[in-house]
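Colleague: Provided herewith is a single structure, encoded as structure tokens, for subsequent inquiry.
The numbers here are math on the coordinates, done by the rules we state, and not lab data. Keep in mind that what you see is a predicted model, and the values were worked out from it rather than measured. Backbone-built Cβ (ideal geometry, glycine too); neighbour counts: all protein chains shown.
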Amino acid sequence: MNYVPKLRKDYNEKVKPALIEEFSYENPMRAPKLTKIVLSKGVGEAVADKKLIDQAVEELTIITGQKAVSTVSKKDVAAFKLRKGMPIGAKVTLRGNRMYEFLDRFITAALPRVRDFQGINPKGFDGRGNYNMGITEQIIFPEINIDRIKRISGMDITFVTTADTDREAKALLREFGLPFKKN
């Protein structure tokens with residue numbers, strides 16, 4: 001028997017029927033779903049120290065359980081001493097079971113460890129049903145060993161959905177368990 005993540009099972013049994021009822025979709029296939037989660041980390045100081053990129057890639061790999069890749073600059077910026085093709089960040093894209101596993105760990109283990117947590121900002125939607133949020137400290141993830149961290153840094157997390165509107169995407173993410181702030 002194949003392993004099915006808890007949130008994937010919850011999507012099929014609870015989230016999807018709730019969305020179909022809330023938005024009264026004629027076709028159940030119209031119900032929005034999560035397609036991917038992208039974690040990205042910009043490391044501007046990497047212009048001076050190349051080892052910072054390796055640390056960022058390693059941290060994202062540890063957090064997600066999937067190999068992260070470094071990102072390179074697309075153009076020259078003389079003011080920042082940046083050349084085209086220099087590594088300046090790291091990213092990892094999660095799909096399928098790894099995506100659901102990460103989302104489960106993010107909601108149940110990482111978010112409760114955020115200092116003075118009041119809920120996540122509901123204003124991070126882009127108008128096309130995707131949600132972006134920033135994390136200020138990578139140490140909220142239990143996989144990160146705080147003793148091995150040389151410097152605290154943040155990252156961006158993007159939730160890409162098939163929703164047509166922000167309202168549908170917010171309902172989807174709320175059903176998954178993301179704690180949005182009350183307006």
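Colleague: Ratio of the range 1-74's C-alpha Rg to 2.2 N^0.38 Å, to two decimals?
Modeller: 1.70
Colleague: Just the C-alpha atoms of the range 1-140: what Rg/Rh do they give, with Rh taken as the Kirkwood radius?
Modeller: Rg divided by Rh gives 1.04.
Colleague: Please identify the chymotrypsin sites (Phe, Trp or Tyr not before Pro) of the range 30-138 that satisfy two criteria: DSSP loop assignment and at most 13 other Cβ atoms within 10 Å. Which are they?
Modeller: F117
Colleague: Do any GluC sites (Glu not before Pro) in the range 13-50 lie in a DSSP loop with no more than 10 other beta carbon atoms within 10 Å, and if so, which?
Modeller: Here the sparse-neighbourhood loop sites are E26.
Colleague: Contour minus end-to-end for T35 and R115, with contour as 0.36 nm per residue of separation and end-to-end as the Cα-Cα distance?
Modeller: Answer, rounded to one decimal: 25.9 nm.
Colleague: A further question follows. Using the alpha carbon gyration tensor of the range 79-145, what are the three equivalent-ellipsoid semi-axes (square root of 5 times each eigenvalue), largest first, in whole Å?
Modeller: 25, 17, 16
Colleague: Mind giving me the nanometre distance, one decimal, between the label points for D76 and I149, set 7 Å out from Cα along Cα→Cβ?
Modeller: About 3.8 nm separates the two model spin labels.
Colleague: Something else now. Report the relative contact order of the chain, percent, no decimals, based on alpha-carbon pairs under 8 angstrom and at least 6 residues apart.
Modeller: 27
Colleague: If R0 is 25 Å, what FRET efficiency do you get for R128 and A18 from their C-beta distance, rounded to 0.05?
Modeller: The calculated FRET efficiency here is 0.70.
Colleague: So what is the calculated 222 nm ellipticity per residue for the chain, using -39500 (n - 2.57) for each DSSP H run with n of 4 or more, over all residues, to the nearest 500 deg cm²/dmol?
Modeller: Mean residue ellipticity, 222 nm, calculated: -7500 deg cm²/dmol.
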